[in-house]
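Trainee: Here it is, the structure in full.
None of the figures in this text is laboratory data; all of them are computed from the coordinates on show. Since we're looking at a predicted model, the values are computed, not measured. Here the Cβ positions follow ideal geometry from the backbone for every residue, glycine too, while neighbour counts run over all protein chains shown.
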Amino acid sequence: MTNHIFISKSVFFPEHGILAIGDLHVGYEQSLIESGILIPERQVKEIIEDLQKIINEIKKRNYELKKIIFLGDIKHYFNYEWKEKFNFNKILDFLKDYVKDSDIVLIKGNHDKFDFAGKKMKNYYFNSGIMFFHGHMSYPQIFEERVETWVLGHLHPSISLADKSNIKYEKYKCFLTGKFKGKEIIIVPSFF
């Protein structure tokens, strides 16, 4: 079993200094605005604030952050939208204060149809027994014997709670963990 810590909506692997972040869906807010729903544009600001809290917690626990992996669906639109790239670059600029650009890994999700933000996207990323991938596609490499743990997004796990009469109903993001085909599985909630 891989040593990991759930911090907010992310998972951190202290032995390796790896922080994995699920689906950002940068641009979702813009798609709502374009469909006529008037909401303030706060998504990028809130993502950066959440990331700052996570990084602060890692430092507070005296761990070193060495690598950040985005588990796909970084953008929301299926085609190209300039504002998504512009907004994600703001997030990358913020993160470059904490890790080198080469230590920010972008995994391709089903919403990510092309390389994004000037970085080559990967189908998966392997490090010390841990395979990181989005989860919308299967690759032979994820089943290799050297792979002990899968970390993926895509499924947006959550739990719903309601009172007995179903008057009050709440939905909360959660992590989903377990075993599958001899591998430890960690499914990360969406970050947006």
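Trainee: As I understand it, the dipole of the chain uses +1 on the Cβ of Lys and Arg and -1 on the Cβ of Asp and Glu, about the Cα centre. Which of His136, Thr177, Gly153 lies farthest toward its positive end?
Mentor: Thr177
Trainee: Can you say what percent of the DSSP beta bridges in the range 78-192, counting only those with both residues inside, are antiparallel? Round to 5. Each step should come with its number before you reach the end.
Mentor: Values: 15 of 24 bridges.
Of all bridge pairs located within the range 78-192, approximately 60 percent are antiparallel.
Trainee: Given charges of +1 on the Cβ of Lys and Arg and -1 on the Cβ of Asp and Glu, with all other atoms neutral, how large is the dipole of the range 106-188 about its Cα centre, in debye to the nearest 20?
Mentor: The calculated dipole for the range 106-188 is roughly 160 debye.
Trainee: Taking the Cα centre of the chain as origin, sum charge times position over the Cβ atoms of Lys and Arg (+1) and Asp and Glu (-1), and report the length of that vector in debye to the nearest 20.
Mentor: Details: 28 positive and 25 negative charges, 41 e Å.
Magnitude of the dipole: close to 200 debye.
Trainee: Further question: Any chance you could list P(r) for the chain, counting all Cα-Cα pairs in 10 angstrom bins from zero, rounded to whole %?
Mentor: The percentages, shortest bin first, are 9, 35, 36, 16, 4, 0.
Trainee: What trypsin sites (Lys or Arg not before Pro) in the range 111-192 are in a loop by DSSP, with at most 10 other Cβ atoms within 10 Å of the Cβ? Present the calculation step by step, with values, prior to reporting the outcome.
Mentor: Numbers: sites: Lys113, Lys119, Lys120, Lys122, Arg146, Lys164, Lys168, Lys171, Lys173, Lys179, Lys181, Lys183; in loops: Lys113, Lys120, Arg146, Lys164, Lys168, Lys181.
Answer in residue order: Lys120, Arg146, Lys164, Lys168, Lys181.
Trainee: Quick one: putting +1 on the C-beta of Lys and Arg, -1 on the C-beta of Asp and Glu, what dipole do you get for the range 140-186 around its Cα centre, in Debye to the nearest 20?
Mentor: Details: 8 positive and 6 negative charges, 43 e Å.
Charge dipole, the range 140-186, about its Cα centre: 200 debye, nearest 20.
Trainee: Another one. I need the chymotrypsin sites (Phe, Trp or Tyr not before Pro) found in the range 83-181, filtered to DSSP loop residues with at most 13 other beta carbons within 10 Å of theirs. Present the calculation step by step, with values, prior to reporting the outcome.
Mentor: Numbers: sites: Phe86, Phe88, Phe94, Tyr98, Phe114, Phe116, Tyr124, Tyr125, Phe126, Phe132, Phe133, Phe143, Trp150, Tyr169, Tyr172, Phe175, Phe180; in loops: Tyr98, Phe114, Phe175.
Those that pass, being in a loop and sparsely packed, are Phe114.
Trainee: For His25, what residues show an amide H to amide H distance below 5 Å, using hydrogens built from the backbone and excluding near sequence neighbours?
Mentor: The list, which skips near neighbours in sequence, is Ile74, Lys75.
Trainee: Return the sequence-ordered ³J(HN,Hα) values of the range 97-104 in whole Hz as given by the Karplus equation 6.51 cos²θ - 1.76 cosθ + 1.60 applied to θ = phi - 60°, using x for Gly and Pro.
Mentor: 6, 10, 9, 5, 4, 5, 9, 10
Trainee: Turning to a different aspect of this structure: Using alpha-carbon pairs under 8 Å, 6+ residues apart, how would you state the relative contact order of the chain in percent? Numbers along the way, then the final one.
Mentor: Working: 364 pairs, mean separation 43.8, N = 192.
Computed over the chain, the figure is 23 percent.
Trainee: Here's something else I'd like to know. Given Lys85/Lys173; Lys67/Lys179; Lys119/Lys171; Lys60/Lys96; Lys75/Lys171, which pairs have Cα atoms separated by over 31 Å?
Mentor: Working: Lys85/Lys173 26 Å; Lys67/Lys179 25 Å; Lys119/Lys171 34 Å; Lys60/Lys96 19 Å; Lys75/Lys171 23 Å.
Check vs 31 Å cut-off fails for Lys119/Lys171.
Trainee: Among DSSP bridges having both ends in the chain, what percentage is antiparallel? Round to the nearest 5.
Mentor: Details: 22 of 39 bridges.
Counting only bridges with both partners in the chain, antiparallel ones make up about 55 percent.
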